[in-house]
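Novice: Here it is, the structure, as structure tokens.
Bear in mind these aren't lab numbers, they're just calculated from the coordinates by the rules spelled out. Predicted model, so just to flag it, every value in this text is computed and none were measured. Counting neighbours? That spans all protein chains shown, and the Cβs are built from the backbone with ideal geometry, glycine included.
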């Protein structure tokens, strides 16, 4: 009984968290970028900038959102998409040596200058925090001292390589008019900040090392893509004490434990609607929206009027960009909990 109550509390907490995911939501529905090579090095004569997305400081709902990063070209009339990053992902981007301006887009627009040297690798962390409607993003240049910190090395190790996809480019093209209209005022306000508050990569932030041969003539920059990865050898392991797991590692382990326990509970109590909802929440926390939907649907087969499961299912359809199923789930939720259904309508706006 204690175990069932524990799962029930976890289910309620996670479902409530999902209900407060905010904002326009368009960025939710872009397909996850493909995994790229395990390690990357600069193209010969170029600089390489690695952008990595961090967890928010308090593991809030903004961790479910993806952050688009752009390079502003010299004319400042065009922006080139670097990539769109989820939590625990990183992307490598080749640029010419010299000065560049980058931008990240959320409820706000934030900027970062970069002055980079050839054949060096630089690191930038994309951070997120809760805004009024959706996520606020910032770019943080990582200096050499921070590159050696445990927090950063943990983040880099736990993040997977991705590449920009065609879906990412389509999203960028569709949203560029809105981004362009917001950029002048956002950039003006950014330039009025104290110099210490404006992030910048400086030449000495780069790490030297191996390079790869030029693949083709590039104008400015390009996300690193390969069919045959260029891999640098792993550094030899020194005899150091095993470090304690970071907060990020603990969070990832917690999701796995929640999923394993939820599966055991469903096997033990296949007629328990709360157990199925908990399983759906566990799959949702892992980002597996299809399995989450199937678990919620099974719970609703047992208790069709459970408004909390209906709301969670609706938000899962929202994540899957399934408009017809979303509308049906909202209608069913409205029958038992009109207030909750209106929250879903406000928090999940689809075209």
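Novice: Does the range 90-158 come out rounded, prolate or oblate by the C-alpha gyration tensor, with a ≥ b ≥ c the root eigenvalues, rounded set by a/c under 1.5 and, if not, prolate when a/b is larger than b/c and oblate if not?
Specialist: Oblate is the answer for the range 90-158, as a/c is 1.5 or above yet b/c matches or exceeds a/b.
Novice: Now a separate question. What ranking of 51, 64 emerges when the number of other C-beta atoms within 10 Å of each C-beta is taken as an exposure proxy, fewest first?
Specialist: Sorted ascending by nearby Cβ count, the order is 64, 51.
Novice: Which FRET efficiency value, to the nearest 0.05, is calculated for residue 174 and residue 271 with the Förster distance at 45 angstrom and r the Cβ-Cβ distance?
Specialist: 0.50
Novice: Taking the beta-carbon count within 10 Å as an exposure proxy, list 301, 71 from fewest neighbours to most.
Specialist: 301, 71
Novice: Assuming R0 = 41 Å, what is the FRET efficiency of residue 160 and residue 192, from their Cβ-Cβ distance, to the nearest 0.05?
Specialist: 0.65
Novice: Would you mind ranking 187, 122 by Cβ crowding within 10 Å, fewest neighbours first?
Specialist: Listing 187, 122 from fewest to most nearby Cβ atoms yields 187, 122.
Novice: I've got another one for you. Quick check: from the Cα gyration tensor, does the range 257-297 come out rounded (a/c under 1.5), prolate or oblate? Present the calculation step by step, with values, prior to reporting the outcome.
Specialist: On the way: a/c = 2.43, a/b = 1.34, b/c = 1.82.
Note, shape of the range 257-297 comes out oblate.
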